[in-house]
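Report on the following structure.
The values are calculated or read from the model by the stated rules, or taken from the named source; none is laboratory data. Since the structure is predicted, the reported quantities are computational estimates derived from the model, not experimental observations. Counting neighbours? That spans all protein chains shown, and the Cβs are built from the backbone with ideal geometry, glycine included.
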Amino acid sequence: MSTTTPVRRRAALQLGGLQLLVTIVTFMWVIEVINTLDSNRLDADGIYPRNVDRLWGIFTAPFLHVSFAHLISNTIPFAFMGVFIALEGARRIGAVTIIVIIIAGLGTWLIAPGNEVTVGASGVVFGYATYLFTRGLFNRNLLELLVGGIVGVVWGGALLTSLVPHYGISWQDHASGAVGGVVAAGLLARDRTRATRSTGAVQLSPRP
């Protein structure tokens, strides 16, 4: 009994995280279907730089996309990286997502050109990536460093290219999202350390 209970708890934790990830992705797709049927009018609910009256757009923008092609290009890396975070549980992927949305949104709201409206989940994708890159450093965890390396090999080149200014691409959202991921990794490091000790995960060295 003592050996199966931790395994079941871990499985339940991971299942909850994966279910939340699926819910988020499904919600984005449902929104895009509605948006398409409504002639993409929901795109107007994105981020308007330095417009205080539209500050709430930082919470709606990540779930809006200008087309299904735009949504697909974000869904693939979002789901790929999201799975690694979801395996830490629903609370973890929920916390990382909220932190990144707020920081990416505020950063975009502050520094993006005033004549542009920003929508899309790419800022969250960058946040997920930098969270996975850096959480192993904050937690001193060998397995997490390996996962970060895998993400870097698979998506690193594409992510770095997306930071270069392109017409119609919000590098401000990408850069701000990347900052948000590092912040999330730092803020959640202490809680993660307690969790890894309780599950017996490998760490590089104990914290002083």
**Message:** Between ARG50, ARG9, which is among the basic types (Lys, Arg) and not in a helix (DSSP H, G or I)?
**Reply:** ARG50
**Message:** With more than 18 Å from the chain's Cα centre (by Cα) and in contact (Cβ under 8 Å) with a residue 12 or more places away in the chain as the only criterion, which of LEU18, LEU42, LEU37 stands out?
**Reply:** LEU42
**Asked** Looking at the range 69-76, is at least one residue among the polar types (S, T, N, Q), under 17 Å from GLY177 (Cα atoms) and either at pLDDT 95 or above or in contact with a Ser or Thr (Cβ under 6 Å, 6 or more places away or on another chain) (or both)?
**Response** yes
**Request:** Tally the residues that are surrounded by 15 or more Cβ atoms within 10 Å (Cβ to Cβ) and at pLDDT 80 or above, restricting the search to the range 151-167.
**Result:** 2
**Request:** Please go through the range 58-78 and pick out each residue that is within 18 Å of ILE34 (Cα to Cα), free of Cβ contacts under 8 Å to residues at least 24 places away in the same chain and within 14 Å of the chain's Cα centre (by Cα).
**Result:** none
**Request:** Determine whether the range 113-130 contains at least one residue that is over 14 Å from the mean Cα position of the chain (by Cα), within 25 Å of TRP155 (Cβ to Cβ) and of a type in the set (Gly, Ala, Ser).
**Result:** no
**Message:** Among (1) over 13 Å from the mean Cα position of the chain (by Cα); (2) part of a helix (DSSP H, G or I); (3) modelled with pLDDT of 95 or more; (4) over 23 Å from GLY16 (Cα atoms), there is one condition GLY105 misses while meeting the rest; what is its number?
**Reply:** (1)
**Message:** Can you list residue pairs whose Cβ atoms sit under 9 Å apart, with the first residue in the range 93-116 being under 19 Å from TYR48 (Cα atoms) and the second being assigned to a loop (DSSP other than H, G, I, E, B) and charged (D, E, K, R)? Count only pairs 6 or more apart in sequence or on different chains.
**Reply:** TRP109/ARG50; LEU110/ARG50; ALA112/ARG50; GLY114/ARG50
**Message:** Quick check on PHE126: is it within 12 Å of ALA175 (Cα to Cα), of a type in the set (Phe, Trp, Tyr), in contact with a helix residue (DSSP H, G or I) (Cβ under 6 Å, 6 or more places away or on another chain) and in a helix (DSSP H, G or I)?
**Reply:** yes
**Asked** Does the range 42-59 contain any residue that is modelled with pLDDT of 95 or more, surrounded by 14 or more Cβ atoms within 10 Å (Cβ to Cβ) and within 27 Å of ALA189 (Cβ to Cβ)?
**Response** yes
**Prompt:** When you go through (1) assigned to a helix (DSSP H, G or I); (2) of a type in the set (D, E, K, R); (3) within 24 Å of GLN172 (Cβ to Cβ) one by one for ARG92, which number turns out not to apply?
**Reply:** (3)
